[in-house]
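Step one of this worksheet: look at the structure below.
Just so it is clear, none of the values below were taken in a lab; they were calculated from the coordinates. It should be emphasised that the depicted structure is a prediction, and the values quoted were computed from it without experimental measurement. Reconstructed Cβ throughout: ideal geometry from the backbone, glycine too, with neighbour counts over all protein chains shown.
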Amino acid sequence: MNSKTKRTLVALVEDRPGVLNRVSSLFRRRNFNIESIAVGHSEQPGLSRMTIVVDGATTAVEQVRKQLDKVIEVVKVIDISEEPIVARELALIKVHATSSTRSEIIEIVDIFRANIIDVAPGSLIVEVTGDEDKIESLYNLLRRFGVKELSRTGKIAMVRGAAGEINVEPEKPETEERPRRIRKAKTA
Amino acid sequence: MKRTGAQILCESLVKEGVEVIFGFPGGSVLPLYDTLPQYPQLRHILVRHEQGAAHAADGYARATGKVGVCLATSGPGACNLVTGIANAHLDSSPVIAITGQVARPFIGKDAFQEIDITGITVPITKHNYLVLKAEELATVVKEAFYIARTGRPGPVLIDIPRDVFVEEANFHYPEKVNISGFKTIVQGHPSQIKKAANLINESKKPVILAGRGVIISGAFPELKELAEKAQIPVITTLLGIGCFPEDHILSLGMIGMHGMAYANMAVCSADVLIAIGMRFDDRATGKVSGFAPHAQIIHIDIDPAEIGKNVRVDVPIVGDVKHVLRELNKQVVVQTHLDWIGQVEEWRRDHPAVVIRETDELLPQYVIRKIYEVTQGNAIIVTGVGQNQMWAAQHFWYNKPNTLISSGGLGTMGFELPAAIGAKVGKPDEAVWAVAGDGGFQMTIQELATAAQDNIAVKIAILNNGFLGMVRQWQELFYKKNYVATPLSNPDFVKVAEAYGIPGLRVTDKKLVIAAIQRAMEYNGPFLIDFVVEPEENIYPMVAPGCTLAEIIEAPWNKVKVHTGSQETSNL
Ligand SMILES: Cc1cc2nc3c(=O)[nH]c(=O)nc-3n(C[C@H](O)[C@H](O)[C@H](O)COP(=O)(O)OP(=O)(O)OC[C@H]3O[C@@H](n4cnc5c(N)ncnc54)[C@H](O)[C@@H]3O)c2cc1C
Ligand SMILES: Cc1ncc(C[n+]2csc(CCOP(=O)(O)OP(=O)(O)O)c2C)c(N)n1
Ligand SMILES: [Mg+2]
């Protein structure tokens, strides 16, 4: 996937059994090309937040948004690709390490401001947080030592600045113009 | 006072105004069946296969505009509903499917007759529920009916474990629903409506393409007003048939693969296409890249996801047809479009699509035409799938909404009989005809027993061509007449009907068609006519799959002789 065509959607969904199944079933059935989904609690009780990365080159992102919005338990979906966002992903990389390579690995990890969170006789576990490019480059550098395991969370994202929580109030019936999607934080 | 889950369910159904349930019992729903007699308002009709229950609920819903209800036991019962639920889903029909489930402690243990029906039906329902507490039942039923009928309608399934039916809880039926993730946009956006009005007012060659959304919305007067005010020809989809009177001078009949040649020509030449409550199915559009090549497209639909899904749209309007058209009609100016209408009439004259060729043979088209004449168009026609369906669409004139009931999106053979039963139950005072194919009829033939047991007076016309006719036609046209697996060796349908206790007639002679139809109409109960028709008759006009609407194959006998029939109909 070309990083330029990647689109990021954020969905607030009801925290109920089966919701993830509904969403993934929708993606599969409509042949949507999804790169990653990350799910966890949101700041609003009873609502989980999904961050979904879609390949805009092969998938009609607007269809993804609209079809997701039809899932009853999906309370709100927004496309934040055009907004200024911070996006992060976490990866754990278990890399093969011997006494002769260990220091070189540590050096690389330091440059990336990643952490070593487990040390064993033959391996290290590296924890890295960052955008996708950073994780990719670190992973590529560590590969030549022998990566035993890789686990990535998928991207989570948030709009920068004072914009507040995602408005879950029902929209006014004006959907033709792109609705104002992010509620501005109340100025004190 | 405490009530059992089964009582809560029944009370909730009564509150929703349910008058009939099409169902079939089994272990997990036995507590519910045991409770049903306490609620005589809830008429139960025993089908002979759960697919029939779902189709009957669907037919009931389409004929009445109300929500249809079907009921099945867990496992095989629930699985048998699946085709019928999918059918309702694709045609946006409001159906509630209630299924029994194994008792809660057994869920996930592959218990006897356990199946994950909520998992199975995720892609074919608007929503579904597994109810794990009796106290949640009332809220679930309230929500389910609301979701099924609101916005773009669709099926909702409620799966209820056996022990929830017997669990006791307080009954309180909620007044309101509160579903934060379910929103419907009814009013169209004013600036979009304005844009649409301007486009229409400036157009020289406008056409309206109206679909089932018009019927769902109940927007016939509004559609008629728009068409008449601006003199715009109206074309419908298969499922839109009846949303505009077909005997109206502005009606051009159906678009698409088997649409009227002149309707397809009008779409190909139009400069503005006003698509109203239709979803650009490929059977309607032909090859999408060549669809309405000269037209700016206005699309009015209540489902935002339909907009731009298949066809590029210039002016999208999300909203309910009735509301949007009311606003639009205020802004559309009176027009005559004399040149354009003249052009359309010329096409209509030169390409008479619904001509029946003159012959002594018994033609299926002729049968449909005679049903139209004998009933004077006052009938609900429920079709099977295939050639019979297309002939029923082409040769009967539907002047009222909800008079053609047909499986469009899924194209489910065997829909006709159970759906006709549902329609007749919902509209007992209307004549209901099931137009069946000899192939499809055998897929749900067991529902003859349902009609017989409850004396549901559906009239059945089998267009018996001895073939899976629609497939045979494709084999003829695209596979060099290699008729593999399409010739049928049929049972004696009249004897079959009689064995079920339903009288029937076989008609092989053209001259007896009218008399047979009259006999059926006079009989107070279900009645079957086996019309043995010309076996290799084809459906024309036709747009071959993958072609644009401009590439029309017309009937070879066209322009040979024009059969005018006895009825005066403007779109002949
Ligand atoms: C053998 C066979 C041949 C066929 N040939 C043809 C053919 O030649 N021509 C043809 O047209 N079809 C044909 N069909 C049917 C075709 O497959 C589709 O089912 C049909 O075209 C769909 O019609 P529709 O879009 O009007 O209805 P639906 O599929 O029911 O869509 C209704 C649309 O209206 C919208 N809507 C619902 N309620 C409202 C509301 N209140 N306000 C606004 N919008 C609303 C919905 O969101 C949806 O987009 C054929 C089917 C079969 C089985
Ligand atoms: C359940 C199902 N199976 C297969 C098909 C494919 N199919 C479409 S039309 C058709 C032929 C229908 O034959 P018949 O019922 O005799 O109707 P006819 O076309 O002859 O009028 C078939 C097999 C279908 N639509 N539905
Ligand atoms: Mg046949």
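Quick notes on this one:
- The overall shape of region B:375-497, judged from the alpha-carbon gyration tensor, is oblate: a/c is not under 1.5, and a/b is no greater than b/c.
- Estimated FRET transfer efficiency when R0 is 22 angstrom, pair B:Thr508-B:Lys481 (beta carbons, to 0.05): 0.35
- B:Glu536/A:Leu20 FRET efficiency (R0 45 Å; Cβ-Cβ; nearest 0.05): 0.30
- Peptide A:63-74 - average C-beta neighbours from other chains (10 Å radius): 5
- The label-point distance for A:Ala162 and B:Arg519, in a model that sets each label 7 Å from Cα toward Cβ, rounds to 8.5 nm.
- Listed residues A:Ala57, A:Ser103, A:Ile85: farthest to the positive end of the dipole of region A:1-121 (Cβ charges): A:Ala57
- Per residue of B:303-310, other chain Cβ atoms within 10 Å of the residue Cβ number 5 on average.
- Hz values of 3J(HN,Hα) by residue in region B:540-548 - Karplus curve (6.51, -1.76, 1.60), Gly and Pro given as x: 10, x, 9, 10, 5, x, x, 9, 7
- Karplus-derived 3J(HN,Hα), 6.51/-1.76/1.60, for each residue of region B:513-523, Hz, glycine and proline x: 4, 5, 4, 5, 5, 5, 4, 4, 5, 6, 6
- In this rough spin-label picture, where each label sits 7 Å from Cα along the Cβ direction, the B:Asn198-A:Val119 distance is 7.1 nm.
- Sequence-separation-based contact order of region B:190-350, relative, with Cα cut under 8 Å and 6+ spacing, percent: 29
- Per-residue Cβ neighbour rank within 10 angstrom, fewest leading, B:Met390, B:Met443: B:Met443, B:Met390
- B:Leu549 long-range amide H proximity, modeled H, under 5 Å: B:Lys287
- Only Lys, Arg, Asp and Glu carry charge here, each on its Cβ (+1 for the first two, -1 for the last two); on that basis region B:193-296 has a dipole of about 260 debye about its Cα centre.
- Whole-number percent relative contact order across chain B, with pairs defined as alpha carbons under 8 Å at least 6 apart: 15
- Relative contact order (percent, whole number), chain A, Cα cutoff 8 Å, 6+ residue spacing: 22
- For chain A, alpha-carbon Rg and Dmax in angstrom: 19.4, 66
- Rounded to the nearest 20 debye, dipole of region A:88-152 from Cβ charges on Lys, Arg, Asp, Glu: 200
- Cα gyration tensor, chain B - rounded (a/c under 1.5), prolate or oblate: oblate
- Region B:190-350 - Debye-derived log10 I(q)/I(0), Cα point model, q = 0.16 Å⁻¹: -0.79
- Span from the region B:1-42 Cα centroid across to the region A:67-136 one, whole angstrom: 54
- Nearest-ten-degree value, helix B:5-15 long axis tilted from longest Cα axis of chain B: 40
- Measuring between alpha carbons in the structure, the pairs from B:Lys142/B:Lys400; B:Lys66/B:Lys224; A:Lys6/A:Lys70; B:Lys309/B:Lys459; A:Lys148/B:Lys109 lying more than 28 angstrom apart are B:Lys142/B:Lys400; B:Lys309/B:Lys459; A:Lys148/B:Lys109.
- Between A:Asp110 and A:Val147, the simple label model (points 7 Å from Cα in the Cβ direction) yields a spacing of 2.3 nm.
- Between 0 and 90°, nearest 10: helix B:469-478 axis offset from chain B longest Cα axis: 50
- Given +1 at the Cβ of Lys and Arg, -1 at the Cβ of Asp and Glu and no other charges, the dipole of chain B around its Cα centre is 680 debye to the nearest 20.
- Restricting the calculation to Cα atoms, every distinct pair contributes to the Kirkwood radius of region B:2-170, found to be 15.2 Å.
- With contributions of -39500 (n - 2.57) from each DSSP H run of at least four residues, the per-residue ellipticity at 222 nm computed over chain B stands at -10000 deg cm²/dmol.
- 22 Å tail of the calculated P(r), region A:3-84, as % of Cα pairs: 17
- Karplus-based coupling profile of region B:155-163, in residue order and whole Hz: x, 10, 9, 10, 9, 10, x, 3, 6, with θ = phi - 60° in 6.51 cos²θ - 1.76 cosθ + 1.60 and x standing for Gly or Pro.
- For region A:88-152, convex hull of alpha carbons as volume per residue, Å³: 65
- Distances between every pair of Cα atoms in the protein assembly as shown, grouped in 20 Å steps from 0 to the bin holding the largest one, split as 15, 42, 31, 10, 1, 0 percent.
- Between 0 and 90 degrees, the angle of helix B:338-350 with respect to the longest Cα principal axis of chain B falls at about 90 degrees.
- Each residue in B:Thr236, B:Thr64 was given a count of other beta-carbon atoms within 10 angstrom of its own, and listing them fewest first yields B:Thr64, B:Thr236.
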